[in-house]
6 protein chains.
Amino acid sequence: MRILVVNVNTTESMTESIRKGAAAAASPGTEVVGLTPFFGADSCEGNMESYLAAVAVMDRVLAYDEPYDAVVQAGFGEHGQEGLKELVEAPVVDITDAAAHLAMLLGYRYSVVTTLDRAVPLIEERLLLGGLSSHCASVRSSGLGVLELEGEESTVVDAIVRQAELALKEDGAEVIVLGCGGMAGLDKAIEERTGAPVVDGVAAAVKLAESLVGLGLKTSKVRTYAPPRPKTIVSWPLSRHISRDGSSA
Amino acid sequence: MRILVVNVNTTESMTESIRKGAAAAASPGTEVVGLTPFFGADSCEGNMESYLAAVAVMDRVLAYDEPYDAVVQAGFGEHGQEGLKELVEAPVVDITDAAAHLAMLLGYRYSVVTTLDRAVPLIEERLLLGGLSSHCASVRSSGLGVLELEGEESTVVDAIVRQAELALKEDGAEVIVLGCGGMAGLDKAIEERTGAPVVDGVAAAVKLAESLVGLGLKTSKVRTYAPPRPKTIVSWPLSRHISRDGSSA
Amino acid sequence: MRILVVNVNTTESMTESIRKGAAAAASPGTEVVGLTPFFGADSCEGNMESYLAAVAVMDRVLAYDEPYDAVVQAGFGEHGQEGLKELVEAPVVDITDAAAHLAMLLGYRYSVVTTLDRAVPLIEERLLLGGLSSHCASVRSSGLGVLELEGEESTVVDAIVRQAELALKEDGAEVIVLGCGGMAGLDKAIEERTGAPVVDGVAAAVKLAESLVGLGLKTSKVRTYAPPRPKTIVSWPLSRHISRDGSSA
Amino acid sequence: MRILVVNVNTTESMTESIRKGAAAAASPGTEVVGLTPFFGADSCEGNMESYLAAVAVMDRVLAYDEPYDAVVQAGFGEHGQEGLKELVEAPVVDITDAAAHLAMLLGYRYSVVTTLDRAVPLIEERLLLGGLSSHCASVRSSGLGVLELEGEESTVVDAIVRQAELALKEDGAEVIVLGCGGMAGLDKAIEERTGAPVVDGVAAAVKLAESLVGLGLKTSKVRTYAPPRPKTIVSWPLSRHISRDGSSA
Amino acid sequence: MRILVVNVNTTESMTESIRKGAAAAASPGTEVVGLTPFFGADSCEGNMESYLAAVAVMDRVLAYDEPYDAVVQAGFGEHGQEGLKELVEAPVVDITDAAAHLAMLLGYRYSVVTTLDRAVPLIEERLLLGGLSSHCASVRSSGLGVLELEGEESTVVDAIVRQAELALKEDGAEVIVLGCGGMAGLDKAIEERTGAPVVDGVAAAVKLAESLVGLGLKTSKVRTYAPPRPKTIVSWPLSRHISRDGSSA
Amino acid sequence: MRILVVNVNTTESMTESIRKGAAAAASPGTEVVGLTPFFGADSCEGNMESYLAAVAVMDRVLAYDEPYDAVVQAGFGEHGQEGLKELVEAPVVDITDAAAHLAMLLGYRYSVVTTLDRAVPLIEERLLLGGLSSHCASVRSSGLGVLELEGEESTVVDAIVRQAELALKEDGAEVIVLGCGGMAGLDKAIEERTGAPVVDGVAAAVKLAESLVGLGLKTSKVRTYAPPRPKTIVSWPLSRHISRDGSSA
């Protein structure tokens, strides 16, 4: 089974760390392919970048020309999974949803610890849309920017643990969800420090993707995620029309 | 006062009919500028096209280099307003939200009549996110595709009236909302036929934009809609990097 | 266009300050008429007074015998708008609803800062009924009685700012709503101090009333707000039967 | 123990039939006093009349100068109980709430069968405010006006049974609530016809009032229902200032 | 009238104190019978024990072979009332529901003060299922184990008052609900200390049971609580098949 | 990895068909052990039987004295998983939750098709408690009793397909969930007939259990599901004290 794990930002090193986390979670016989979008921001920390990522992820998956069995969208609280579900036959699993689903199996309430405070509303909105918010005790920010997650591991873990402990003590959380794709692989360190189960969305999504594939289940094409109607789409897929040199700061 | 009214699809004639509807609603002294995205689908009838529109609208507004006072995003139930609110200083009003806000002032419950059945979930999700769903009696589809709205007016009105009457009779609606930017200008014809107030989102959004500008109110930059953090964004704005000739069917 | 702005209490000086705030928000060509009920409390700070105001406002509007285009009910969190909507052909806009509607266009969550703690449940209940509570972060009291709002402006502003800052910092609010008709005109001072957009319900209601009138939209008469059925109503309108001299403390 | 049962309309014969229903439900040792407001509509079938009733009920209770132990407000879905709770030391029980509370003890979901369709939103709003709507399957109208309830009993029962049966069969109701004070005493006839428990709000309220009095429980004066603050209230209580001869049609 | 009050644990002394509280609340002419399950835990402080209690209570009631008019299940936040409602003709009142229903009549919001923190989720879940949570301000734990409630009364009252005061001051509660059957009889002491009405679920349930019996109302047998279908049930009722000597620690 | 799949009724043939379905879904290397409770009903079709099953399942798992990695509770909409989570170290997955979680990944809304109408409220309540109801379009009954599922497969499939098609057409469902453990193995036949993805809870639960075990995730012991406190429990585990010969009809 081959699972595409698509980063939502253009930082290749982050794609690689996500891919590693995914591969570590995968069952024997599952191949994980990491994909980086051709355009977009080097980190998604707001709606503008997240919408760009939504399109860049669809564009990147369309450009992949080998067979695959499932797609994991590896951005936490990001836009776009609904579009991907229309475009693709294979099941699509978003890491936000995946983490919340597994967390709900493990305790009465879960809290998300994410990066910056401004990411909180995006995550809250995704959980609301996904029907996943009634057991969410809180979404807390660690204050770390996305790219800071690639810094010293102990600093990163400390910042996450601080919020996780507050969530457990003050918000009634019983499970912690790591609220950024870039936190992949930190779950066990935080679990050890807090004593609560910690769910990493990338790993969770890989397992759910494997589960769906294993059961022969695919996205329903009945209504919402039916394939796009045939129509004229100017400059689509965008990456075929973009000169890939430019960037803005 | 100058208001940018941005179509979400690339069909220029639809931009023009939206612009006309907006101009008709505007107060004396308000200039309405219609904008068409540089890329994207000729009609938005699903999530994939809607996400593309979200980015194309942001891209189009950034390319507009004259001063303006407010932006109206003229797609019903489409993605993107949150990104635009980050990018732009001026107030941003989405026609979905605008229509729902005014409808809630006019009756106990409102129903939306939109185009295709597959647009229903997008609208329901936008109303949910906007906190606008508790007085929404139903979202009904007329069965018309977006571009069919440019056909014979009486046929279009008939199809909308049919669903509006069911909404009033069976769903408990007391107000009807036109669920597509391309329905701009049909409100009075449907009001006459149904006896209920009919809200056209484009007109509603123009009035709300004028209201905000008149009161000196702008999007809060406190957290969610703070300007994007400075960072490297590959190929952004996209239209500067796209060769604008290509299209796919 | 003529808009009736009806105070909910019998304090004439407050009617005048509300009228001024309304007039300042109105477009050129809009005439604002301030009305004071013939009976009721000199300030509404609870349900008993609010119900009395509901009736006194209907009574006062019925006694107005010139033409008008819209009615603004200028009590925050007060009862009565549903009755007025039945009685009157023209659109009716309550300042609570108006403020919340505009606040929802400006940020992810808003908080209301009102007068006394005992007013909080009335406001929460009105927002719940209006379908306006899902983006309300909190309703906070400044501790000021309604009539204290007519005191030294800097003291009043200080008390409101204190709660507004807590709302922004602790409750996740991004927009502040002034939770009393008597706070009309303080919005810009508080905006300056807090850095967040501040919505004054009286001004918001005038703009929404102008918008509805401009679009030719009126209250739906389909069901909930259909005119009262013909029937015997003892002593109605009350003011025609009341000797207007009496008062109780 | 003496319980005041206050009609919300000015029709004395309806007060009497409500009083009879209340007395039939009361325990030995409970005296039921029926009160009719001094002003207001001869039937409440909408918000305007309901707000007038809210004030007239408060006014009527204040005019009662003997001791009493509890007050029952005998209007279904009417405004006003919150004001009465502020004014009065003794417990106040509204028949809408009372019926819903008992119905929730008897089955998974209940439906209300009321008079006219236009009363439905008032009842829905009261149940929402009372926190009583999550087990409400539906509110259905029998099509009968309030005063028509005083007509031939079999016709009235037939009309109610018709809707009750639809509620049981189509809406998932398991218990029926009689949605008008004027239906007092019809419960057993409808129970026999439908096979489901039928709750009469007047009887339910008497029992709940007796329960509260028996347990020494009174309305909390902590915040929401604290006594009104001392202040000038023009023409209050209204009935002392009204010449009680006038009426309008 | 005879009411069975069934303890959920096997501690006879607690059954007796519950029975006393129930008898004190009962009207003249009501006989209260206290029942102790034949098996189960000596205190219910979690789901495992609560499920066992659900079955033990059904079993105990089935073994009671005298006539009775109503059953009170005297465990706060415990499982089982739905099963009992299927098995029994007479009305069944759970003390959690009873307390919440009466509390909702007395104030805008109520808080529950219970025993251990781990009981909080059970109570929250029961209130959610019962449709009783929208006016619940909080569920707070006193830190006392169930059997500690049988210790020095002043210590117990102190621990409850401490949380009650926090609920009133910080959570917006206006009424306090005693969140354990073993707290029966402490209501007045806590009322005196806090100034807010205090509802004891056992007393409340007795009054509601009397009310239902007095009105001739029984559990609906329409669907959810219809009698169990005839079928083979191995070892049921359990107590007839259990050797009643064994216990585990 | 060894997964215990526990039937909730005492019908051995149903345990075997559930075990087969589970084994078919399991990955190579996963051993599935089917367990039948020692007491309880031969089918669970209501709350009384379901509570008995809750206890019997806990009892049965405690009696299993070999090592295992996860437990699947194979009753749809049944009580008990919270107790099992307290008793057991290994992850516990309920088939109701499992099916809903996977269904939510596959489409905008799902419907459950279950056995008898009286099972509907149990399922609705479990989905509500599990935080899984916001994307549930409907719970429909096929009219088949649990044991009838062991009859002619085509009859069973027909009855389920009839309701599934109504759910897809009238309720807005896009995914179908099989609402009884005894329907295990019918998913592909119904998928073929309806064109929508069909989720079998037993298979789903096995996959989720494998996922949790694979990721080293266990039930949180932080609060709700902490091990029961040490205490005296009369006759527990029940099966050690029961003479296993008796049954009642």
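Quick note: the coordinates plus some simple rules give every number you see, no bench work behind them. The model shown is predicted, which means the values in this text are computed figures rather than measured ones. For neighbour counting, all protein chains shown are included, and Cβ atoms are generated from backbone atoms with ideal geometry for every residue, glycine included.
Ranked highest first by the average count of other Cβ atoms within 10 Å around their residues, in what order do E:26-32, F:14-20 fall?
F:14-20, E:26-32
Taking a threshold of 19 Å on the Cα-Cα distance, which of the pairs A:Lys207/F:Lys207; D:Lys218/E:Lys188; C:Lys85/D:Lys231; B:Lys207/C:Lys218 fall above it? Write down the numbers at each step before the final one.
Numbers: A:Lys207/F:Lys207 9 Å; D:Lys218/E:Lys188 12 Å; C:Lys85/D:Lys231 29 Å; B:Lys207/C:Lys218 15 Å.
Violating the 19 Å limit, Cα to Cα: C:Lys85/D:Lys231.
Take every residue in peptide B:3-12, count the Cβ atoms of other chains within 10 Å of its Cβ, and give the average of those counts.
Mean partner shielding for this stretch: 1.
Take every Cα pair under 8 Å in chain E that's 6+ residues apart, average their separations, divide by the length, and report that relative contact order as a whole percent.
23 percent
Going Cα to Cα from A:Lys20, which aspartates and glutamates come in below 13 Å? Please leave out same-chain ones fewer than 8 positions away.
Filter leaves A:Glu12, A:Glu31, A:Asp200.
Between rounded, prolate and oblate, where does the protein assembly as shown land on the alpha carbon gyration tensor, with a ≥ b ≥ c its root eigenvalues, rounded for a/c under 1.5, else prolate if a/b exceeds b/c?
The shape class here is oblate.
Across peptide D:38-45, what mean number of C-beta atoms from other chains lies inside 10 Å of a residue's C-beta? Walk me through the intermediate numbers first.
Numbers: counts 2, 8, 7, 7, 4, 4, 2, 3.
Mean partner shielding for this stretch: 5.
List the distances, in nm and shortest first, from the label point of C:Pro227 to the matching label points in every other copy, placing each point 7 Å from Cα along the Cα-to-Cβ direction.
4.5, 5.6, 5.8, 5.8, 7.6
At a 10 angstrom cut-off on C-beta neighbours, averaged per residue, how do the peptides C:65-77, F:178-190 rank from highest to lowest?
So the peptides C:65-77, F:178-190, ranked by packing, come out F:178-190, C:65-77.
With the label 7 angstrom out along Cα to Cβ, how close does C:Asp65 come to the same site in each of the other copies, in nm, nearest first?
Between copies, matching label points for C:Asp65 lie 3.8, 6.4, 8.5, 8.5, 9.8 nm apart.
A:Ser27 to C:Glu150: FRET efficiency via 1/(1 + (r/R0)^6), r the Cβ-Cβ distance, R0 56 Å, to the nearest 0.05?
0.20
Treat every Asp and Glu Cβ in region E:96-201 as -1 and every Lys and Arg Cβ as +1, leave all other atoms uncharged, and give the resulting dipole magnitude about the Cα centre to the nearest 20 debye.
Approximately 280 debye in magnitude.
Can you compute the charge dipole magnitude of chain B about its Cα centre, using +1 on each Lys and Arg Cβ and -1 on each Asp and Glu Cβ, nothing else charged? Give it in debye, rounded to the nearest 20.
With only Lys, Arg, Asp and Glu charged at Cβ, the dipole is about 860 debye.
Can you list which of the DSSP-assigned H helices in chain F have a Cα extent of 18 Å or more along the long axis and an average Kyte-Doolittle score of at least -0.5?
The qualifying helices are F:12-25, F:47-63, F:153-166, F:201-214.
Rounded to the nearest 5, what % of DSSP beta bridges with both residues in the protein assembly as shown are antiparallel?
Approximately 15 percent, going by the DSSP bridge assignments.
Among rounded, prolate and oblate, which fits region A:1-126 when a ≥ b ≥ c are the square roots of the eigenvalues of its C-alpha gyration tensor, a/c under 1.5 means rounded, and a/b larger than b/c means prolate?
Judged from the Cα gyration tensor, region A:1-126 comes out oblate (a/c at least 1.5, b/c at or above a/b).
Two decimals is fine: what is log10 I(q)/I(0) at q = 0.18, 0.20, 0.23, 0.26 Å⁻¹ for region A:1-66, from a Debye sum with one equal scatterer on every Cα and no solvent?
-0.64, -0.76, -0.93, -1.08
222 nm [θ] for chain F, helices only, -39500 (n - 2.57) per DSSP H run of 4+, per residue, to 500?
-12000 deg cm²/dmol
Between F:Arg240 and A:Ala63, what is the FRET efficiency for a Förster distance of 60 Å, r being their Cβ-Cβ separation, to the nearest 0.05?
Once the sixth-power term is evaluated, E becomes 0.40.
Would you mind computing, in nm to one decimal, how far apart the modelled labels at E:Arg2 and E:Glu170 are, each placed 7 Å from Cα along Cα→Cβ?
Here the answer is 4.8 nm between the modelled labels.
Using +1 at the C-beta of Lys and Arg and -1 at the C-beta of Asp and Glu, which of B:Leu186, B:Leu208, B:Val156 has the Cα lying farthest in the positive direction of the dipole of region B:124-249?
B:Leu208
Provide a whole-number value for the mean count of partner chain Cβ atoms within 10 Å of the Cβ atoms in peptide A:77-87.
5
Extent of chain B along each principal axis, from alpha carbon coordinates, in Å, largest to smallest?
Reported extents, whole Å, longest axis first: 54, 44, 33.
In chain E, what residue has the beta-carbon at the shortest distance from the axis of the rotation relating E to B, and what is that distance in angstrom, rounded to the whole number?
E:Ser134, 7
Taking E:Gly29 in one copy and the same position in all the others, each labelled 7 Å out along Cα→Cβ, what are the pairwise distances from the first, in nm, shortest first?
1.0, 7.3, 7.4, 7.4, 7.6
So if I place +1 on the C-beta of Lys and Arg and -1 on the C-beta of Asp and Glu, and nothing else carries charge, what would the dipole magnitude of region E:36-86 be about its Cα centre? I want it in debye, nearest 20.
Value, rounded to 20: 60 debye.
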